[in-house]
Structure formats: structure tokens, C-alpha cells
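Contents: one structure, followed by commentary.
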Amino acid sequence: MTRPRHWSLGAKLLLVGAPFLALALAAVMLTLWVSWQLDGGAAAVNEAGRLRMQAYRMAMTASLGDQATLARQAVEFERSLALLRDGDAERPLFVPWDDTVRARFAAVQAHWTRFGPRWLAAPGASLAGLPLDTAAFAAEVDGFVAAIEAHMSRWTALMHLCQFGMLVLAVAASMALVYAGYRFVLEPVGQLRDAALALQQGNLGARVHHESSDEFGTLADGFNGMAEHLQSMYRNLEARVGEKTAQLEEKRERLEALYEVTTLVAQATTLDDLARGFVQRVRRIAHADGALLRWTDETRERFLMLASDGMPDAMADAEQCIHAGDCLCGNAQVEAQLRVIPIHAEGRAVAPACERSGYATLVSIPVKLHARLMGEADLFFHSQHELSASERSLLAALASHLAGAMENLRLNALEREAAVSQERTLLAREMHDSIAQSLAFLKIQVQLMRDALAGGNAAQIQQVLAEIDTGVRESYGDVRELLLHFRTRSSGEDIEPALQTTLRKFEHQSGLKAALQMQGHGLPLAPELQVQVLHIVQEALSNVRKHARASQVWLDVQQQPQWRFEVRDDGIGFAHEPGALDETHVGLRIMQERAERIGARLEVLSTPRRGTSVVLTLAPPARAQAAAPALDAAQPA
């Protein structure tokens with residue numbers, strides 16, 4: 001029920017203080033008016049006192065016989081009388097008239113009318129009575145002043161009364177405001193404080209009993225409503241806590257299930273491990289009595305069982321492979337969604353095999369990845385079972401994780417196959433470009449040996465044997481070098497350790513001195529580029545070992561402004577024409593192909609009897625980074 005609002009807190013305080021404020025304003029105005037009257041009366045008293053002084057001065061002037069001065073003084077006396085009679089508009093000077101004051105002023109005027117002409121026109125002999133007349137006139141003036149002062153004393157008493165009344169009014173107003181403040185402010189605040197303390201101490205039944213319709217009444221209603229709400233919440237707190245605890249437990253179980261499946265996905269290396277681990281976990285998570293995982297191909301005509309858990313042996317053996325549409329399992333529709341299927345419908349079994357195994361409910365969960373159906377997970381329950389929205393969402397999420405894991409395993413298998421194929425291709429190319437050449441040479445020498453043996457030419461037989469021995473040694477060296485090429489890989493981002501390892505192996509094989517010189521500081525090479533650079537350097541060193549007849553080899557590496565590798569020797573050199581790479585320059589052709597693969601430039605500088613330089617200049621960093629991804633498909637793992 002809404003309480004009608006009449007007076008606000010401000011209106012109540014204004015109602016209490018307004019009368020006192022009006023009385024105070026009236027008293028102040030009255031005091032100001034009385035003060036103004038007293039100021040004017042005081043000025044009038046001063047001016048009346050001047051009349052007395054002017055009378056004695058005129059009497060003195062008359063006794064001296066100075067008529068001109070006496071005339072001026074009479075005019076001044078007349079002006080003072082007119083000022084008292086009319087007042088002064090420029091300053092507060094006015095006579096506080098009443099009957100007595102008017103009578104006294106009329107007496108002064110009459111006396112002046114009667115005796116003034118005599119003072120002004122009296123001869124010197126007639127001045128004998130002037131002092132008495134002057135004294136009598138001064139007495140009239142004194143009577144007028146006394147009448148004004150008597151009137152002013154009444155105004156003064158009235159002003160004192162007003163001041164006392166203001167003091168009493170101030171005290172009464174203060175008491176009234178204090179009482180109103182206590183009644184309308186402090187008391188409601190105290191009630192709110194006491195109720196808040198009681199509520200803080202656990203007394204949820206605390207209420208504020210305030211029946212006013214002001215702001216504190218509104219606060220009291222709000223406080224009471226809040227307390228009622230808290231009390232009602234506390235009554236249902238245990239149920240709410242239980243409900244929230246159940247929700248948190250459900251979320252914890254959901255996260256735990258997702259974590260288990262995520263861990264399985266990360267650790268499973270084979271499809272068999274993934275399938276068996278998934279059916280075990282999903283059965284436990286769903287509290288199912290049995291679980292199956294089926295896989296289907298692109299045609300979606302058959303569903304093959306990958307793993308089962310908790311299923312009868314007879315049913316597991318019978319359903320190793322089912323055709324789409326033969327039973328409730330194996331839904332081949334791409335848009336298939338999670339289904340909860342009762343085994344019994346209208347008193348008959350819709351899935352006899354499941355019914356014979358004692359199952360009452362089947363939950364079919366499609367395993368899909370990007371709208372591609374990859375299989376189906378089936379859960380079996382002995383009792384009638386329904387899934388909540390959160391359980392449906394969880395099972396769908398687990399199936400999605402499984403689909404992603406199966407796809408990753410497939411892609412990893414394809415990647416491994418591609419890597420093996422690439423490695424075999426690389427081995428074949430290396431063997432073709434190196435060992436195959438030597439074997440072809442040996443084949444020719446074998447034929448020459450046969451001819452020499454048939455002709456009985458001993459010298460030719462020895463020469464051919466020497467050639468065969470040289471060819472076998474070179475083939476053996478090529479095989480060892482090929483193995484070293486595949487074992488040497490860059491470590492980290494710095495190519496210098498790999499280059500040093502390569503030079504040490506070269507020194508061990510050839511017995512030649514090899515020196516490495518690094519210049520500048522540049523951006524590190526990508527691992528794919530490092531591998532190709534090492535192969536080219538190794539091939540250049542192999543050519544030095546085989547053909548150069550050198551005594552020393554140098555490897556100069558320049559890192560700025562771009563990477564540059566130069567292999568120099570002091571061997572016999574050869575006559576080289578740019579672009580002329582025939583079948584006798586197998587090593588140079590291999591290096592040229594590798595350089596083109598990484599977007600680099602290969603230069604061969606050689607002069608007979610002055611050594612040979614093989615210079616590899618890589619592309620600028622931006623082009624090298626763009627070419628690096630293209631090596632992923634060509635470089636073996």
C-alpha cells in the first residue's frame with residue numbers, strides 16, 4: 001500500500017522556520033525604522049540647540065549695534081526654524097512631531113514673532129531688557145528640545161524592546177529548529193542506524209517503524225523492502241547454494257571431460273589408441289552401459305567399428321561392419337544431429353539386436369568435421385534415458401574433438417608419407433648424380449678388363465685395374481660423403497657451428513687445411529635455407545677433394561648486406577665457360593639446381609693453375625623469407 005505524500009522534509013523545516021524568519025525580518029525592519037527616527041530626532045535636537053546659540057549671538061550683536069550682522073543672523077535664524085519645520089531631504093533631519101512637540105515649536109515661533117522685530121530694530125537705549133528676553137526665548141527653545149528628547153526616549157525604549165524581542169525570538173527559533181531537527185532528522189536517522197546495526201548482526205527481522213511521508217519515510221520503506229528481500233533470500237539460500245553447487249559441479253565435470261579428451265587427442269599416436277581411449281572416456285562421462293565408435297568413408301555406405309567398451313561380445317562381433325540404414329546406428333546423413341532413440345516403441349522392439357542385449361535406449365552422436373561426416377559414436381543404456389541440454393552440448397563437443405583428432409592423424413600420416421617419398425627422391429637424385437656416374441665408369445672399365453683379358457695384354461690389364469681401383473675408391477668416398485650430407489644439419493639459428501663441422505669433416509677426409517672466416521652481422525637464416533646452403537658448400541668441398549689437387553681451402557662468409565658464401569682453393573683450376581655445364585660437371589650442376597631452388601645465384605670462377613672459387617649469393621632477406629615456405633614441400637624432414 002502506497003502512503004500518500006503530504007509534506008516533504010524540506011517543507012516541514014521551512015514551515016517551522018518561516019514564522020520565526022518573518023518575525024525576525026519584521027523586528028529588523030522595525031529596529032531600522034526606529035534607528036532612522038532616532039537619527040532624524042538627534043539631528044533635530046542639534047539644530048534646535050543651534051537656535052539657542054543663535055539667540056544669544058543675536059543678543060550680543062544687538063548690544064553692539066551692528067545692524068548688518070544682526071540682519072544676517074536673523075536670516076540664518078529664520079532658515080533654522082524653516083529647517084526644523086520642514087525637515088532636510090539630504091540628511092536624516094526631521095522633528096518627531098507629536099502634540100507636545102508641536103505646541104513647543106509653536107511657542108518658539110510665537111516668541112520669535114513677538115520679540116524678533118524688537119531685537120532687530122531696537123535702539124540702543126531700549127536694550128536694557130534684552131538679556132531677560134533672550135533668556136526667556138532660550139527657555140522656550142529648551143522646552144522644545146526637551147519635548148523632542150522625551151519623544152525620542154519613547155523610540156529608544158521601543159528599539160530596546162525590539163532588540164529584546166529579537167533575542168527572545170532567536171532563542172525560541174533555535175529551540176524550535178533543534179526540536180524540529182531532532183524530530184524530523186535525528187530521530188529517523190537513529191532508527192535507520194539501529195535497524196542497520198541489527199541487520200548487520202544477523203537480525204533479518206529488523207524493521208524501521210517510521211510513519212511519515214517525507215524522505216525518511218521513503219528511506220524507511222526502501223530499507224524495510226531491502227530487509228524483507230534479504231530475509232527471503234536467506235530463507236532460500238540453502239536451496240540456492242545447493243543449486244549453484246550442482247551447476248558448478250556440472251561445469252567441473254564438463255571441463256574435466258573436455259580435459260581428458262583433449263589430453264587423449266594430444267597423446268594418441270594411432271587411430272586404434274585414439275578410438276579405444278575415446279569410447280572408454282565417453283562411456284564413463286555419459287554413465288553409459290556400453291559404447292561403440294564407428295568410422296565411415298566418403299561414400300558413407302558402410303560403418304566400420306573402430307573400438308567398443310562394455311558391449312557384449314556377440315553384439316560387438318556381429319556389428320564390426322554395418323551398412324547405412326540397416327539399423328538405428330549408422331546414420332549416413334551429413335546434417336545428422338545427436339539422437340536419443342528408445343529401443344522399445346509402442347510395445348515392440350525397433351532394434352532387436354539391442355533389445356536382445358538388454359538395452360533400452362540408444363544415443364547416436366555423429367562425428368563430423370566441417371560438415372563432413374567421419375563416423376558415429378553410439379551409447380547404450382539399459383534403462384530409459386534422457387539427455388539435458390548441457391549433456392547434449394558436451395557430447396557434441398567431445399565428438400568434435402574426436403573428429404579433429406582423427407583428421408590430424410590422417411594428415412600426419414600423409415605428411416609422413418610425403419616426407420618419406422621426398423627423402424627417397426632426394427636419395428635417388430643424390431645417388432644418380434654421384435654414385436651412378438661412378439658405377440657407369442666402372443661398368444666401362446669392366447668391359448675394358450674383359451677385352452684386355454681376352455687379348456692377354458698385361459699392361460692394359462694393370463692400367464684397367466688401376467682405373468677400377470680408383471673408381472671404387474671414389475664410389476666409396478661418394479657414399480660416405482652422401483651419408484655425411486644427410487647427417488649434417490644446422491643447429492638453432494646460427495649457421496657457423498654447422499659450417500665448422502663441415503670443414504672438420506672435410507679436413508678428416510681429404511687431409512687438406514680448411515679455414516673459415518665470418519664477416520659482418522646479419523639476420524639469421526631460416527633452417528630450410530641453412531640445409532640447402534650446407535649441401536652446396538659440401539658439394540663444393542667434395543669437388544675440391546676430387547679434382548682440385550689443392551693444398552688449402554678457404555670458406556669466406558659475408559653476412560651483410562646479404563649472405564654470400566665463397567669456397568676457394570689453390571688447386572690446378574680448369575677452363576670454365578659460364579653456362580657450359582655438360583655431363584662431366586655433375587657436382588656443379590647439382591649445386592646450380594640447389595641454388596635455383598632457394599632463389600640464390602651461383603658463380604664459378606676458375607683459371608687453370610690458379611685455383612677455383614665457388615660463390616653462392618643468397619637473395620635479399622625479403623625474397624629469402626618468401627622463398628623459404630616453398631622449401632617445405634621439397635625439403636625432407
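Points worth noting:
- Relative packing of 528-534, 323-329, 290-296, which averages over residues the other C-beta atoms within 10 Å, highest first: 290-296, 528-534, 323-329
- Carbon/sulfur fraction of accessible area - segment 177-295, other protein chains in place, 1.4 Å, %: 58 percent
- Whole-number accessible area per residue in Å² for segment 525-566, which is evaluated in the context of all protein chains at 1.4 Å: 37 Å²
- Protection proxy ranking for 563-571, 308-316, using the average of other Cβ atoms within 10 Å per residue and placing the highest first: 563-571, 308-316.
- Extension gain, Ala336 back to Tyr56 (0.36 nm per residue minus Cα-Cα distance, nm): 87.3 nm
- Residues in segment 588-620 that a label on Ala575 would reach, taking backbone N under 12 Å of a point 7 Å out along Cα→Cβ: 608
- Thr299 paired with Ala110, simple spin-label distance in nm, labels 7 Å along Cα-to-beta-carbon: 15.4 nm
- Take 598-605, 385-392 and order them by the average number of nearby Cβ atoms within 10 Å per residue, most first; the result is 598-605, 385-392.
- Annotation: per residue accessible area for segment 372-424 equals 50 Å², rounded to a whole number [probe 1.4 Å, protein chains only].
- With a threshold of 22 Å on the Cα-Cα distance, the over-threshold entries among Lys443/Lys505; Lys251/Lys368; Lys443/Lys546 are Lys443/Lys505; Lys251/Lys368.
- Proximal charge balance of Gly290 [Cβ under 15 Å; K/R count +1, D/E count -1]: -2
- Between the amide H of Gln552 and those of Asp570, distances stay under 5 Å, these residues lying 5 or more places away or on another chain, with hydrogens modeled in the peptide plane.
- A Förster distance of 41 Å, applied to the separation of the beta-carbon atoms of Ala42 and Leu186, puts the FRET efficiency at 0.25.
- Protein accessible area in segment 355-408, 1.4 Å probe - carbon and sulfur %: 52 percent
- Entry comment: accessible area of segment 240-333 is 58 Å² per residue, from protein heavy atoms only and a probe of 1.4 Å.
The values are calculated or read from the model by the stated rules, or taken from the named source; none is laboratory data. Keep in mind it's a predicted model, so treat the numbers as computed, not measured. Ideal geometry is used to build each Cβ from the backbone, glycine not excepted, and the neighbour counts take in all protein chains shown. Calculation scope for accessible area: heavy atoms of the full protein, side chains included, ligands and nucleic acids excluded. Shrake-Rupley method; radii C 1.70, N 1.55, O 1.52, S 1.80 Å.
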